[in-house]
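*Asks:* I have a structure I would like to understand better, so I am pasting it below and will then ask my questions one at a time.
The values are calculated or read from the model by the stated rules, or taken from the named source; none is laboratory data. Every value quoted in this text rests on a predicted model; they were computed, and no experiment measured them. Note: ideal-geometry Cβ built from the backbone for every residue, glycine included; neighbour counts use all protein chains shown. SASA here: full protein model, heavy atoms, side chains in, ligands and nucleic acids out. Shrake-Rupley method; radii C 1.70, N 1.55, O 1.52, S 1.80 Å.
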Amino acid sequence: MSTWVGIELGGFTLEEWQNTYYKWVFSELDRVREIGENETFIGYRLRADKLKRRLELKGVNRESVELEFKELKARWIKDIQDDVASFNEHENGCYLEYVKYLDGLQNCSLDSWIKLIPIAKNQPINSQDNTKQVLSEAEQNLLEFMLSDYDESPDYTCGGFHFPCLSSESYAWVILELTDPNVVCELNVFPLIDSGWIDDFGDIAESQAGYTKFFESAKLEIEAIIVLCDSDVKNPVLQRLSFSALVTIMETYLSDIAKRQVLNKQAIKRRFVERFKPFYSSQKNICVSKIFHTLEQLDSLILNHINTLSFHNIETINTFYSGVLLIDLPKEIQGELAKCIQLRHDIVHRTGKTIKGEVVEISNQTVKNGAELILDLLKSVDSQIIDGLLEN
């Protein structure tokens, strides 16, 4: 099923797309995510005065718009003149209609179009409104053309009401001439998200929620572990496996967050390549002749290296998170966290015994204490991730 979205400004549609969208002149900072009971807006918003400035920075101004206007209008005048010459004045009803179009196009300026666009928007051609009485004959003829179903082929316009322009940016400039500076230009892509054509703004969603998807998943898994170990509190095997799983959840979270941050944040990626010694020292054999090949493979090299790191090692976690992600782990829990990781080693590698062969007692309360400690760590890390989530 097809889904349409478009850019709206002052009651006018600047451009529309089917099953997709183009970001146009919007930036990431223009993104908005508002979830309501009756209405949802996920997309881009930009005030008219800021939009005008961006268009000017792109070279869209009166001079550029007028050049497009004259170029396309001239093509239409030539086409209509050819059509009029081919019509039979007495047999073809299009003759008089096209003569009017020709008069309107030849005798009206850019300012005439700007004047007539709001009239065309609000007044159908068969209206009895007195507005038409204040228009010149040429303007009335142009208004009829603007409201007609004239076939623009092969010289199509990007503007509404047959406004002659070659880009939606030029049409936007025209609408801005009719619009209050405080009016908002917006593109709501929620229908595309709702229909499954595109993804939601995940970072904004996480920022609004106050936690990442990775934290949400880890928290649910930790809660499930607690429910499981409570189901048979006197079963030592279950308690050991539950405790071990907690550290695995922690390791998975820390690894996944590390990959996402490094691969998707250019500044963090550069810091990883330049300052994380275990990585850059492993790439000493790169030569200038292979620099472009290396750049093409960089994400894969980074991903492979992160996959080799032990995120259940306190030293590794501290070095990576503080040096690359600029995230500090809570110092007050690091000692207890190191004990949890050591217990997990005893469980996984020696079936619950220390190096000396002593049996490690893992009670239900031990599991709950471990869960609380790990959750505190993940909350601390996640809050720092969220804090910098929307930064460029």
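*Asks:* Counting just the residues of the stretch 350-387 that are touching a residue at least 12 places away in the same chain (Cβ under 8 Å), among the small types (Gly, Ala, Ser) and assigned to a loop (DSSP other than H, G, I, E, B), which one comes out nearest to Leu238 (Cα to Cα)?
*Replies:* Ser363
*Asks:* In the set Val360, Val367, which member is modelled with pLDDT under 90, over 20 Å from Phe214 (Cα atoms) and open to solvent by less than 20 Å² (accessible area, probe 1.4 Å)?
*Replies:* Answer to the check: Val360.
*Asks:* Only one of Ser207, Ser255 is more than 18 Å from Asp376 (Cα to Cα), out of contact with any Lys or Arg (no Cβ under 6 Å at 6 or more places or on another chain) and of a type outside the set (D, E, K, R). Can you tell me which?
*Replies:* None of the other options fit; the residue is Ser207.
*Asks:* Can we say Leu326 is under 21 Å from Gln266 (Cβ atoms), open to solvent by 100 Å² or more (accessible area, probe 1.4 Å) and either at pLDDT below 90 or outside any helix (DSSP H, G or I) (or both)?
*Replies:* yes
*Asks:* Only one of these is open to solvent by 40 Å² or more (accessible area, probe 1.4 Å), touching an Asp or Glu at 6+ places or on another chain (Cβ under 6 Å) and over 19 Å from Tyr21 (Cβ atoms): Leu166, Leu178, Leu241, Leu228. Name it.
*Replies:* Testing whether each residue is open to solvent by 40 Å² or more (accessible area, probe 1.4 Å), touching an Asp or Glu at 6+ places or on another chain (Cβ under 6 Å) and over 19 Å from Tyr21 (Cβ atoms) leaves just Leu166.
*Asks:* Enumerate the helices (runs of 4 or more DSSP H) found wholly within the stretch 160-227, keeping only those where 1 or more residues are in contact with a strand residue (DSSP E or B) (Cβ under 6 Å, 6 or more places away or on another chain) and either within 24 Å of Leu390 (Cβ to Cβ) or among the acidic types (Asp, Glu) (or both).
*Replies:* Ranges flagged: 190-195, 202-209.
*Asks:* Any chance you could count how many residues in the stretch 1-57 are touching a Phe, Trp or Tyr at 6+ places or on another chain (Cβ under 6 Å), modelled with pLDDT of 95 or more and among the polar types (S, T, N, Q)?
*Replies:* Total meeting the criteria: 1.
*Asks:* Could you identify the single residue in Lys213, Lys277 that is surrounded by 12 or more Cβ atoms within 10 Å (Cβ to Cβ), free of Cβ contacts under 8 Å to residues at least 12 places away in the same chain and under 27 Å from Gln334 (Cβ atoms)?
*Replies:* Lys213
*Asks:* Also, quick follow-up: Determine the pairs where a residue that is under 27 Å from Lys52 (Cβ atoms) and of a type in the set (A, V, I, L, M, F, W, C), located within the stretch 178-198, has a partner that is open to solvent by less than 50 Å² (accessible area, probe 1.4 Å) and in a helix (DSSP H, G or I) with Cβ atoms under 7 Å apart, the partner being 6 or more residues away or on another chain.
*Replies:* Close Cβ pairs satisfying both conditions: Leu178/Ile114; Leu178/Ile117; Leu178/Pro118; Val183/Ala48; Cys185/Ala48; Cys185/Leu51.
*Asks:* Scanning the stretch 21-46 for residues that are hydroxyl-bearing (Ser, Thr, Tyr) and open to solvent by less than 70 Å² (accessible area, probe 1.4 Å), which turns out farthest from Asn182 (Cα to Cα)?
*Replies:* Only one residue tops the list, namely Tyr21.
*Asks:* Select from the stretch 1-20 the residues that are among the aromatic types (Phe, Trp, Tyr) and touching a residue at least 24 places away in the same chain (Cβ under 8 Å) and write down the one among them that is surrounded by the most Cβ atoms within 10 Å (Cβ to Cβ).
*Replies:* For the stretch 1-20, the residue satisfying everything is Phe12.
*Asks:* Another question about this same structure. Scan the stretch 343-353 and give yes if some residue there is within 42 Å of the chain's Cα centre (by Cα) and either open to solvent by less than 40 Å² (accessible area, probe 1.4 Å) or farther than 20 Å from Leu254 by Cβ (or both), otherwise no.
*Replies:* Taking every residue of the stretch 343-353 in turn, at least one turns out to be within 42 Å of the chain's Cα centre (by Cα) and either open to solvent by less than 40 Å² (accessible area, probe 1.4 Å) or farther than 20 Å from Leu254 by Cβ (or both).
*Asks:* Does Glu139 meet the test of being more than 30 Å from Arg54 (Cβ to Cβ), open to solvent by 20 Å² or more (accessible area, probe 1.4 Å) and either at pLDDT 95 or above or under 44 Å from the mean Cα position of the chain (by Cα) (or both)?
*Replies:* Here the answer is yes, as Glu139 does meet what is asked.
*Asks:* Keeping to the stretch 47-72, report how many residues are open to solvent by 30 Å² or more (accessible area, probe 1.4 Å) and aliphatic (A, V, I, L, M).
*Replies:* Of the residues in that region, 2 qualify.
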